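Asker: Structure incoming, see below.
Every read-out reported here was derived from the displayed coordinates using simple, explicitly stated rules and does not represent laboratory data. Worth saying up front: this structure is predicted, and the values here are computed from it rather than measured. Note: ideal-geometry Cβ built from the backbone for every residue, glycine included; neighbour counts use all protein chains shown.
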Amino acid sequence: MKVIQDKYDKKKIAMLPRVLFEGRVIVIFTERDAEKAVNYLLTQAILGFDTETKPTFTKGKMHQVALLQVATEDTCFLFRLNKMGLTGSIVRLLEDRNILKVGLSLQDDMRMLNQRRRFKPGTYVELQKEVKDIGIEDNSLQKIYANLFGKKISKNQQLSNWEADVLSEAQQRYAATDAWACIRIHEEVMRMKREQDFILEKVSEEHPASEHPHS
């Protein structure tokens, strides 16, 4: 039986082995390439979504979304929105109502993307709601992934410059991992619900799981 916690102890994450997306990463700069990428993505059964925004260290200042990551099981496209904006083809993908699209904190992502160009979001699955169905109360991708798979998604690149002329290999892998991890979480939750082969440990705030493994 798989054992999961309702609240995962953040301190345990540092000791876990790291997970990294190992598939193809394709960086998209132009409207023409975006069109080709979207045509391909719209043939897939499931897509993982995420965005990155250049961090701001000045109060009251906000940057626009710089990057949209859309992953399949083995390929992740990184759309550099700061270079080409929200093209017509990307809007077509975002408004699609047929393909299963999964992400985390999607409402925030859609609001930020709408600031670049108005569109009506299509059909999406919010992972925060999905994991609550099996008793997980955590909202962060890192905690949910650690809880389900016992592996760590590194957050080292989170505050890097997503508007840089060239995204480093580390940035590309980080961005792709976040989008791809959404697919893995969704598929694992669906499997767990179907097979009912897990135990949920309730971890109270006063007694973390590391102290009371059987609480």
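Asker: By per-residue mean of other Cβ atoms within 10 Å, what is the highest-first order of 116-122, 168-174, 66-72, 45-51?
Answerer: Result, highest mean Cβ count within 10 Å first: 66-72, 45-51, 168-174, 116-122.
Asker: Using the alpha-carbon centroid of each, what span in Å lies between the stretch 86-158 and the stretch 1-47?
Answerer: 10
Asker: Sticking with this one: Please give, to one decimal in nm, the separation of the simple spin-label points placed at Ser160 and Glu95, each 7 Å out from Cα toward the Cβ.
Answerer: Label at Ser160, label at Glu95, 3.4 nm between them.
Asker: If you don't mind, another one. Under a crude label model (7 Å from the Cα following the beta-carbon direction), how far is Thr123 from Lys202 in nanometres?
Answerer: With each label placed 7 Å out from Cα toward Cβ, I get 3.6 nm.
Asker: Can you run phi through the Karplus equation (6.51, -1.76, 1.60; θ = phi - 60°) for the stretch 181-192 and list ³J(HN,Hα) in whole Hz, with x for Gly and Pro?
Answerer: Residue by residue, the stretch 181-192 yields 4, 4, 5, 4, 5, 4, 5, 5, 4, 4, 5, 4 Hz.
Asker: Neighbouring Cβ atoms within 10 Å as the yardstick, rank Val203, Val125 fewest first.
Answerer: Fewest-to-most ranking of Val203, Val125: Val125, Val203.
Asker: Continuing with this model, one more query. Order these by the 10 Å Cβ neighbour count, fewest first: Val38, Val19.
Answerer: In order of increasing Cβ crowding within 10 Å: Val19, Val38.
Asker: Please identify every one of the trypsin sites (Lys or Arg not before Pro) in the stretch 24-101 that sits in a loop by DSSP and has no more than 11 other beta carbons within 10 Å of its own beta carbon.
Answerer: Here the trypsin sites (Lys or Arg not before Pro) that fit, given the DSSP loop and packing criteria, are Lys59, Lys61, Arg97.
Asker: Using 0.36 nm per residue, how much length does the chain from Val3 to His63 gain when fully extended, once their Cα-Cα distance is taken away?
Answerer: 17.6 nm
Asker: Select from Met192, Met62, Met84 the residue whose mean-square fluctuation is largest in a Gaussian network model of the chain (Cα-Cα springs shorter than 10 Å).
Answerer: It is Met62.
Asker: With an 8 Å Cα cut-off and a minimum separation of 6 or more residues, compute the relative contact order for the chain in percent.
Answerer: 33
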